[in-house]
Amino acid sequence: MKGAAWAVPVLAMGAPAAHAGISRCTVSGSIQMGPNVFTDVDAVCRANAQSPDLGVPRIRTGYGRAWLPVYIEICNCTVDSAWYRFREVDTLDNFQIEVAGRHNDQNGSGAGFRPAFKLSPVGESGGCQRFPLTYRTSQSRPYSSSLSGIPGNAVGVTMTVTLQRNASTSGSAPSQSDPGWTTVSTFTVSGSVWRTVRAGTSGSADPVDFGSCAVRSGAAAAVVKTESRVAGLD
């Protein structure tokens, strides 16, 4: 996938989602996204950019920051149980969104749609489902030391989520190619992305080589570890 400041009222973490979402059920399916927050962006090798696997190897965790939501919540705003699926697409090249730890290529055969899931009617247990969002980049980004403010050189990104519903009453999920899928809601957010690591004292020098999946020659550290920030890479 190619690669989202706005705010909307959101459900409180830990609140009964099925009840809290009723007031926004103006269509048969509802997308409710968390507010933009400052969150980490990891660096991954260009060769792994489109991998859909869990635990895609990181060249560097905490490579940068993003001002984007960290969850999507989907509610079934009908009186019957129903099948839903969604996709998220973005406008930033070499930037990937992970949903529950997995990326899905928006240019792939499934057009980026996630696996179908069934929801009970809103107001009942299981009427809503929340999906965590994480982010990764396979291309160098502008440097800033800011961790909790959007720098002026940050790269902009827009993310659009499309929700579809299927009228099937089957106990098993409809296929991705089932003609019964119809779009019921879309939601778009905008945000920013930037790099917070550097080689030595030079902000212009990116210590990560996305092509060779390693630290660049002459950088302050010989290895980029995945469990923590590395000494010499500020």
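What follows draws every value from the coordinates through simple rules; no lab data is involved. The model shown is predicted, which means the values in this text are computed figures rather than measured ones. Cβ sites come from the backbone with ideal geometry, for glycine too, and all protein chains shown count toward neighbours.
Extension gain residue 153-residue 212, at 0.36 nm per residue separation less the Cα-Cα distance, in nm?
Additional length available on full extension: 18.7 nm.
Between region 170-206 and region 59-138, what is the C-alpha centre distance in whole Å?
7 Å
What nm value, rounded to one decimal, do you get for the distance between residue 178 and residue 205 when each label is placed 7 Å out toward the C-beta?
Going by the 7 Å Cα→Cβ label model, 5.6 nm.
Using R₀ = 22 Å, calculate the FRET efficiency as 1/(1 + (r/R₀)^6) where r is the Cβ-Cβ separation of residue 107 and residue 186; round to 0.05.
0.75
Need the full-extension length gain, residue 38 to residue 93, defined as separation in residues times 0.36 nm minus the C-alpha distance. One decimal, nm.
Full extension from residue 38 to residue 93 adds 17.8 nm.
Sticking with the crude label model, points 7 Å out along Cα→Cβ, report the distance from residue 47 to residue 117 in nm, one decimal please.
Placing both labels 7 Å along Cα→Cβ, they lie 3.3 nm apart.
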